[in-house]
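Here is the structure we will look at, set down as structure tokens.
Taken together, the values in this text are just the output of simple stated rules run on the coordinates, not laboratory data. As the structure is a computational prediction, the values presented were derived from the model and not from experiment. For neighbour counting, all protein chains shown are included, and Cβ atoms are generated from backbone atoms with ideal geometry for every residue, glycine included.
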Amino acid sequence: MTFFTTYDTGLIGELTLASDGESIVGCWFDNDRYFGYGVGETMARCDDLPVFDQARSWLDRYFAGEAPDPRELPLAARATQFQLRVREAMLDVPYGQTTTYGAIAARIERETGKRSSARAVGGAVGHNPLCLIVPCHRVVGADGSLTGFGGGIDTKVKLLEHEQVHMDGLHRPTKGTALEGLADAARNYFDTAPSEGTDPR
């Protein structure tokens, strides 16, 4: 069973958190283009799981301007080996700093000895099922383009500004699939899924 709850950020709208009961397996923006990615079953609402309390505390600190370590949280979202390597690279990007898709690709190539591409990294970053906690918003294009973000460029900018990232040299792309999120993604996900039910305990 996968459980979910919501968290009001006060800055970028609501987040939906998902858990298997012990670990966090999802965190999505309301307008996430890949809302629910990685969860292969119906989610049941349950607001009082201890792991959700832990996640809320972490998010409270983040939105209060602190820099909590994402590795404090038990994270267990499903992923391929490549996606896990990209995830680890994102987890290593410090609060208030950015990296590029190309830099992550180069890191993976060094680790594995296999050629990797910025495009492949961009796909993994865009499908990140642990948005904000695993800081996909800190990954930018080599030319400073704020691209490859499932929650839309406005959300990415707000998060970077919240972390007081120096925005000089960063710019909004004028075309592409990641300019905006998907309106009402969360509502549409639950409207079209089988009845999510309530906590069965």
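Listed values, structure above:
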{"item": "For the stretch 38-85, the Rg and Dmax computed from alpha carbons only, in angstrom", "result": "13.4, 35"}
{"item": "Charge context of T155, other residues only, Cβ under 14 angstrom, K/R +1, D/E -1", "result": "-2"}
{"item": "Expected 222 nm ellipticity per residue - DSSP helices of 4 or more, -39500 (n - 2.57), all of the chain, to 500", "result": "-9500 deg cm²/dmol"}
{"item": "Convex hull of Cα atoms in the stretch 128-175, direction-averaged projection (nm²)", "result": "3.3"}
{"item": "Label point distance in nm, A106-A142, each placed 7 Å from Cα along Cα→Cβ", "result": "0.9"}
{"item": "Label point at T192 placed 7 Å out along Cα→Cβ; residues across the stretch 38-80 whose backbone nitrogen lies under 17 Å", "result": "38-43"}
{"item": "Modelled FRET efficiency - R0 22 Å, R78 with R45, Cβ distances, 0.05 increments", "result": "0.60"}
{"item": "Taking the chain and dividing mean pair separation by its residue count, relative contact order in percent (alpha carbons under 8 Å, at least six apart)", "result": "25"}
{"item": "Using alpha carbons only: equivalent-ellipsoid semi-axes of the chain, gyration tensor based, whole Å", "result": "27, 18, 17"}
{"item": "Net charge of Cβ neighbours under 11 Å - reference G181; Lys, Arg +1; Asp, Glu -1", "result": "-3"}
{"item": "T2 long-range amide H proximity, modeled H, under 5 Å", "result": "A44"}
{"item": "The stretch 81-162: radius of gyration over Cα atoms, expressed as a fraction of 2.2 N^0.38 Å", "result": "0.99"}
{"item": "Computed lengthening from D184 to D168, 0.36 nm per intervening residue step minus Cα-Cα distance", "result": "2.6 nm"}
{"item": "Cα gyration tensor category, rounded, prolate or oblate, for the stretch 38-124 with a/c compared to 1.5", "result": "oblate"}
